[in-house]
1. Of the residues that make up the range 155-177, is at least one of a type in the set (Val, Ile, Thr) and not in a strand (DSSP E or B)?
2. Among the residues of the range 157-173, which ones are open to solvent by 50 Å² or more (accessible area, probe 1.4 Å) and touching a strand residue (DSSP E or B) at 6+ places or on another chain (Cβ under 6 Å)?
3. Determine whether ASP114 is under 20 Å from ASN72 (Cβ atoms) and open to solvent by 30 Å² or more (accessible area, probe 1.4 Å).
4. Out of (1) closer than 25 Å to TRP218 by Cβ; (2) at pLDDT below 95, the odd one out for LYS119 is which?
5. On the basis of being modelled with pLDDT under 90 and surrounded by 13 or more Cβ atoms within 10 Å (Cβ to Cβ), does GLY124 make the cut?
6. Only one of (1) modelled with pLDDT of 90 or more; (2) more than 30 Å from GLY106 (Cβ to Cβ); (3) open to solvent by less than 50 Å² (accessible area, probe 1.4 Å) is not met by ILE196, so which one is it?
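The values are calculated or read from the model by the stated rules, or taken from the named source; none is laboratory data. In this text, all values refer to a predicted model and were calculated from it rather than measured experimentally. Reconstructed Cβ throughout: ideal geometry from the backbone, glycine too, with neighbour counts over all protein chains shown. For accessibility, only protein heavy atoms count, side chains too; no ligands or nucleic acids. Shrake-Rupley method; radii C 1.70, N 1.55, O 1.52, S 1.80 Å.
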Amino acid sequence: MSRFRALWQASISATKRALTWNLEDLLPPSERFIFKFNSKEELKRWHLYSDSEYGGLSSASLEVQEAGSGLNGIFSGSLSPDVIEGSRWKMNRSGFCGMRSKKFDGYIVLDAYDTIAMKLKGDGRCYISTIYTENWVNSPGQEEDNSWQAFIFVPKDDWFIAKIPLDRYLPTWRGNVIDATMEMNLCRIVGMSVSINAEAHAPGAKSGPGDFRLEIDWIKALRTT
């Protein structure tokens, strides 16, 4: 009988443990790496773009370099306000470059997080962080992904961790903020980009044409609340 009672008590204890929900066990990790710029293979997940595709004269490159005990990415180049004479493209403004991730294999889901963090070392310029989500506006003739942007001022010469709350990202259309009530679909993220525009500036930030250089160690999502 005592053996039966012991088994019974053990069964009850196991059942209680199974029914005791631990909230921390149910939540995903408090941070999630999205990109680590620590190999040349990582760079294959990105492509560059600039106004040169439309007759502008800006240029950009993306490479990895030794950084202390590891590697990090370097997004650098030159911003020019000029346009090739006789270009068939009509641009309202030039002087921009960017690095955009290739589309994810499926979607990246960040609905459990509230902040994007980036470890950066810059040149005192202001950069633009963009998140692309699957197009759910379905405007006639609009097949581009929805884009959401936030500015990042990166101090010069020192490593800096920028933390951007996801609710600070604004809906944009080809670089311009749109006046629309929209909510980012955090379950349908298809890509990200980091870009720079010669006209973009923040108080105390360097702006205008000329060289730029941004070192990137990683990009991750955080849950801060």
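1. Let us first name the residues in the range 155-177 that are of a type in the set (Val, Ile, Thr), namely 161, 164, 172, 177.
Imposing the further condition that a residue be not in a strand (DSSP E or B) reduces the set to none.
Checked the range 155-177: no residue is of a type in the set (Val, Ile, Thr) and not in a strand (DSSP E or B).
2. Of everything in the range 157-173, those that are open to solvent by 50 Å² or more (accessible area, probe 1.4 Å) and touching a strand residue (DSSP E or B) at 6+ places or on another chain (Cβ under 6 Å) turn out to be TRP159, PHE160, ILE161, LYS163, ARG168, LEU170.
3. On the way: under 20 Å from ASN72 (Cβ atoms): no; open to solvent by 30 Å² or more (accessible area, probe 1.4 Å): yes.
No: the conditions fail for ASP114.
4. Looking at each condition in turn, LYS119 falls short on (2).
5. no
6. Of (1) modelled with pLDDT of 90 or more; (2) more than 30 Å from GLY106 (Cβ to Cβ); (3) open to solvent by less than 50 Å² (accessible area, probe 1.4 Å), only one is false for ILE196: (2).
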